[in-house]
């Protein structure tokens, strides 16, 4: 009995596993698994919390869909005055709009609350996350998970579907395949931006709003044809913060239009690689941020 | 005293396991923060603050230790290093053989943490839902979870609260709920940060009684920071005092009193005068501090405050007053006075 | 009596100054906001250039005026709190936690108190977050801004009225928490409405037909569209300018009045429930 009391079961059970794997091998995959599992559990709790205020939730879902819908109404109103904007028709612009919106919506749904990390740091509640057996990034991403954000995703996909039905494009297998790849890889690119933004808040919590320039600002930009923008701006979102890979480059390929910067056709298929490549600096930034928090406590 | 019995039981259990095993050890642990202060409009000065300045101690399995000191002394910094939240700047630190900073997640399975003023429960959900999450996050086997939960519910009177959303709980109920949440995965060490702060007398007593039982029956090691002298007296077999980042006392609570016992313990009458005045002069008390219109009068704990109040009110323009019971700060202050 | 009014005015002035200072304390946050407003300014300005290149004179603006519309509206955005971030979240939180009961029994008028604080905040954000984006925009794009100081004074008066309308709308929003408890849903719907109907997304003069007629008389038009039209000189003659300001004043009074009615209903509710 005394033995039972003094050496809790969890510890005894886990010991051989730890020995078998060693600290290093358990490493990345173990953490990723623990992260996903913790993320799923915490998200479940937030969804149930949301349901405690059902009326507010319903309003929020509608609001979320409406906010993006009215965005598109504004673009449609523009097209009541002109036939083409920057040489692009309404269905062509809708393709850009729908894909950017769906991508940002997905990223925002899955880890948009990470922007709350600044207030978590300020009020000290990040500490409570550091004593849990779940990677902090997973907890931060799941924090205040807001199911209402699904509104933007649905609306974006709806506009995308409408655009596809109206486009006069010769659909090839590559073009059809590119559509889902574009949305998912675009979401991953935005997700990397969100992670980097969260990391940035470790050093400059008050500057959280800068992130909006890249997420919402980037999204607004990507909803319009690239031909509308100055070359300097295009270079910035292609080579510095590669948001152009979210939807512009794949969509230009689908529409059979050349890239204003003269990038080759294969760049249209580079989005997944760009997303993966972006996660390297983003996760390094995150680790550096967390390390600095744990060494300074602020 | 019942306290001693509890502590003894814990230590005895440890002896059965083959000698008192060291669970927590610190050797020359330091924590230095670089603080940037504004100096002028744009210029910022960087300077270093030694929050923890070379602390060494060991805690054996089954001990109940009070960790006390004035605000900013380095208490919570130490606890944050012990729980893996902060990385030490120097020194060696082990909890259950684990380096907390390097293996934060592995350590998390072995420790329980309760932050006094910050609940980790889910605000809008029934209390039991938070426990369900703990079971899954910590992968607690169902049978063990049921057993632990039942014990906590029983001992902490949580039964009627399990279906109540946490936001509707009182502070005392929430604290009890938080303590239970920290214990479901059978931690070997329980850290409590100000576990009785803001609680009413009944809740305080319940929390203390529970911690005593926990230590006696389960052999759980408890480390708590507190401002409440009674927490220490009723719970801890050992107390450590930290000040300016250094350990200035490590011993029994009784010894703490002896160290500070230049005189019998005193209560404090805090006067709010209508304006700033020189130190008041009344019989049976002495002014220990003047701060603007406020003055602190120390008087023997055994004496009545009523005649003092009458004297002061008759002779000075009094706008408000309060009586403070002796607390940790006073004991520590007198401890320094006694040493000096 | 005079003395008391004077003291009251002094109190609300102090509250307003407090609101100003509170936001002025966050230098880095302000800089971040300026960065974001400027970035959005560039993006929207590019799209408007394309649109007005295609259709010169759209909505009654030439291209310089359309660009001025973009940059001045980015400068006013934070002050008007069109995207939230004003006082309403704070009041909602106080309602949710029950702290509002304390506020209700304070000797100061609750609505005026928060109006003063919000105007103080807006004053700071107009300066702190408005000037830099406007200057940046003017350096890069050919903005058609008026040189007449009277026009700028009228604009400032119109902005003030717009801020009061914005406050009055958000006050109703804040009070909704007495019935809804969690304000995030209504806040979001309110953001949608104010973004779309204020003219921030697209000038209201560009909205077509009957829908356009409608959106131009809604209260949100009084927040952004009317001040901008006053500045850009779309109103022919003094009479029309005064009519525009009158339009704002009517909405301000109506909404503030509605706020008081809702507030007294809320107070009764608190008294009945005992907090």
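The values are calculated or read from the model by the stated rules, or taken from the named source; none is laboratory data. On a predicted model such as this, the values are computed, not experimentally measured, just so you know. Ideal geometry is used to build each Cβ from the backbone, glycine not excepted, and the neighbour counts take in all protein chains shown.
Points to keep in mind about this one:
- Close pairs from the range C:38-58: first over 11 Å from residue A:224 (Cα atoms), partner outside any helix (DSSP H, G or I), Cβ under 6 Å, at least 6 apart: C:45/C:141; C:54/A:82; C:55/A:82
- Among the residues of the range B:175-198, not a single one is more than 19 Å from residue B:67 (Cα to Cα) and without any contact (Cβ under 8 Å) to a residue 24 or more places away in the chain.
- Output for the range B:147-157, where each listed residue is within 11 Å of chain A (Cβ to nearest Cβ) and buried (at least 19 other Cβ atoms within 10 Å of the Cβ): B:148
- Test: residue in the range C:223-237 that is without any contact (Cβ under 8 Å) to a residue 24 or more places away in the chain, within 14 Å of chain A (Cβ to nearest Cβ) and either more than 30 Å from residue C:265 (Cβ to Cβ) or buried (at least 22 other Cβ atoms within 10 Å of the Cβ) (or both): no
- Residues that are assigned to a helix (DSSP H, G or I) and touching a strand residue (DSSP E or B) at 6+ places or on another chain (Cβ under 9 Å), drawn from the range A:112-127: A:127
- Meets criteria (assigned to a strand (DSSP E or B) and closer than 21 Å to residue B:130 by Cβ) for residue B:249: no
- Within the range C:49-96, the residues that satisfy the criterion of being more than 29 Å from residue C:169 (Cα to Cα) and in a helix (DSSP H, G or I) are C:49, C:50, C:51, C:52, C:53, C:54, C:58, C:63, C:64.
- Restricting attention to the range A:59-75, the residues being free of Cβ contacts under 8 Å to residues at least 40 places away in the same chain and more than 7 Å from chain C (Cβ to nearest Cβ) number 1.
- Filter result for the condition that a residue is away from chain C (no Cβ under 14 Å), touching a residue at least 60 places away in the same chain (Cβ under 8 Å), over 27 Å from residue A:63 (Cβ atoms) and surrounded by fewer than 17 Cβ atoms within 10 Å (Cβ to Cβ), over A:203, A:136, A:169, A:176: A:169
- Verdict on residue A:80 being touching a strand residue (DSSP E or B) at 6+ places or on another chain (Cβ under 8 Å) and at pLDDT 90 or above: no
- Conditions (1) surrounded by fewer than 16 Cβ atoms within 10 Å (Cβ to Cβ); (2) in a helix (DSSP H, G or I); number of the one not met by residue C:108: (2)
- Just one residue in the set B:135, B:167, B:144, B:106 is touching a helix residue (DSSP H, G or I) at 6+ places or on another chain (Cβ under 8 Å), more than 8 Å from chain A (Cβ to nearest Cβ) and over 25 Å from residue B:32 (Cα atoms); that residue is B:135.
- Residue that is surrounded by the fewest Cβ atoms within 10 Å (Cβ to Cβ) [pool: residues in the range C:123-137 that are closer than 24 Å to residue C:11 by Cα and without any contact (Cβ under 8 Å) to a residue 60 or more places away in the chain]: C:127
- Test: residue in the range B:117-128 that is within 11 Å of chain A (Cβ to nearest Cβ) and either at pLDDT 95 or above or part of a strand (DSSP E or B) (or both): yes
- The range C:140-215 holds no helices (runs of 4 or more DSSP H) entirely within its bounds that carry 1 or more residues that are touching a strand residue (DSSP E or B) at 6+ places or on another chain (Cβ under 7 Å).
- Filter pass, residue C:157 being in contact with a helix residue (DSSP H, G or I) (Cβ under 7 Å, 6 or more places away or on another chain) and either closer than 18 Å to residue C:80 by Cβ or more than 10 Å from chain A (Cβ to nearest Cβ) (or both): yes
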